[in-house]
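The values are calculated or read from the model by the stated rules, or taken from the named source; none is laboratory data. Every value quoted in this text rests on a predicted model; they were computed, and no experiment measured them. Quick reminder, even Gly has a Cβ in these numbers, built from the backbone with ideal geometry, and neighbours come from all protein chains shown. Note: areas computed on protein heavy atoms with side chains; ligands, DNA, RNA excluded. Shrake-Rupley method; radii C 1.70, N 1.55, O 1.52, S 1.80 Å.
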Amino acid sequence: YVVLDEPTASLDFGNQGRVMQEIRRLAAEGLGVLFTTHDPNQALRHADRIMMIRDGQAIASGPAAELLTPGRLQQLYSVPIETVRDENGGIAFLPG
């Protein structure tokens with residue numbers, strides 16, 4: 001197993017992508033990877049399963065694609081959430 005606490009903190013945009021791609025590569029090779037992030041887009045794109053924690057309490061746990069919704073993110077971060085969609089059906093979340 002590999003445990004990473006906010007592995008992309010303080011990295012520029014390009015290096016964030018490189019680190020996250022490496023995390024996915026390790027997982028694809030069968031290594032268990034646990035990482036923390038404050039970026040729901042990283043979780044959506046690179047995690048299979050997530051746990052959403054607010055004030056020290058788990059508020060949701062399960063498949064990233066199912067749990068990462070505007071409503072749950074609004075509950076987690078206490079801000080309106082905007083969903084952006086691309087032409088291929090991909091989504092990203094922005095604080096509103």
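Among the GluC sites (Glu not before Pro) found in the range 45-89, those both in a DSSP coil and sparsely packed, with 15 or fewer other Cβ atoms within 10 Å of their Cβ, are 87.
For the chain, with only Lys/Arg (+1) and Asp/Glu (-1) charged at the beta-carbon, what is the dipole magnitude about the Cα centre, in debye rounded to 20?
Once rounded to the nearest 20, the dipole reads 140 debye.
Once all protein chains are placed together, residue 77 keeps about 80 Å² accessible to a 1.4 angstrom probe. Counting only Cα atoms, the size of the chain along its three principal axes is 35, 35, 26 Å, in decreasing order. Count Lys and Arg as plus one, Asp and Glu as minus one, and take only other residues whose Cβ is under 15 Å from that of residue 62; the net charge is then 0. Every helix of 4 or more DSSP H residues in the chain counts as -39500 (n - 2.57), and over all residues that averages to -10000 deg cm²/dmol at 222 nm. With K and R counted +1 and D and E -1, the other residues having a Cβ less than 15 Å from that of residue 52 yield a net charge of -1.
Annotation: per residue accessible area for the chain equals 69 Å², rounded to a whole number [probe 1.4 Å, protein chains only].
Measuring between their Cα centroids, the range 21-92 and the range 1-16 lie 15 Å from each other.
Residues in the range 58-70 carry Karplus couplings, in order, of 6, 9, 6, 8, x, x, 4, 5, 8, 8, 7, 10, x Hz; the curve used is 6.51 cos²θ - 1.76 cosθ + 1.60 with θ = phi - 60°, and Gly or Pro positions show x.
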